[in-house]
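The values are calculated or read from the model by the stated rules, or taken from the named source; none is laboratory data. Bear in mind the structure is a predicted one, so any value in this text is a computation, not a measurement. Here the Cβ positions follow ideal geometry from the backbone for every residue, glycine too, while neighbour counts run over all protein chains shown. SASA here: full protein model, heavy atoms, side chains in, ligands and nucleic acids out. Shrake-Rupley method; radii C 1.70, N 1.55, O 1.52, S 1.80 Å.
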Amino acid sequence: MTASVSPGVATTGSGAPLPLVALPQGELLTVNIDQIPLLKDAIAPGVSIQPLRLDPERGEWVVLGILSPGARLPLHYHTGPVQVWTIQGRWLYSEYPDQPQTAGSYLYEPGGSVHTFYCPEDNTEDTVALAWIEGAAVNFNEDGTFHSIMDAVSAQHRTETVSAAQGTGPVPYIRGGAVGVTNS
């Protein structure tokens, strides 16, 4: 198929016309995990990320998480759905101790889910998980008071500030809005 950067009719390789394309794609929106620096402890101690897509306008953020044994996140409430594919290792929610997520597990959480994430301290390897999150994670302290919010905007801010602080250089990820690949 031909590619264009302005609205127009796309064609197949043989020249057959296709429907009008309003937002044609001039290039593939792709990043390679090997080219994205690991942002160490970007979310919490032992919770490092490689951002793949951060889209504040849609409220979506897709990250590869690398989690050390013993890593924890505070109790949090999700305003939208979350999908997590565990690639390596093991993690759990404190509220569901009999349902560990292990390599090969796929988890879907509807919006409104509340839980406390952790990687067991006896894990013998880092846990690696791909997370696609819509909306925000509203985090709480142990006493139930507000802790923080993590969403696509704060993930974008953390990507920029952590990469600057760690001297990792630009971080390529797919951004929302005027879609493209950015180097923060």
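Quick notes
- Residue in the stretch 49-56 that is closer than 17 Å to Leu130 by Cβ and either surrounded by fewer than 16 Cβ atoms within 10 Å (Cβ to Cβ) or among the basic types (Lys, Arg) (or both) present: yes
- Within the stretch 112-124, residues that are among the aliphatic types (A, V, I, L, M) reach partners that are crowded, with 17+ Cβ neighbours inside 10 Å with beta carbons closer than 8 Å, at six or more positions or on different chains, in the pairs Val114/Leu75; Val114/His76; Val114/His78.
- Test result for Val128, more than 17 Å from Val31 (Cβ to Cβ), assigned to a strand (DSSP E or B), open to solvent by 20 Å² or more (accessible area, probe 1.4 Å) and modelled with pLDDT of 95 or more: no
- Within the stretch 143-155, residues that are without any contact (Cβ under 8 Å) to a residue 24 or more places away in the chain and open to solvent by 20 Å² or more (accessible area, probe 1.4 Å) have Cβ atoms under 7 Å from residues that are part of a strand (DSSP E or B) and aromatic (Phe, Trp, Tyr) in these pairs: Phe146/Phe140, counting only partners at least 6 apart in sequence or on another chain.
- Selection over the stretch 29-57 of residues that are in contact with a strand residue (DSSP E or B) (Cβ under 8 Å, 6 or more places away or on another chain) and charged (D, E, K, R) gives a count of 4.
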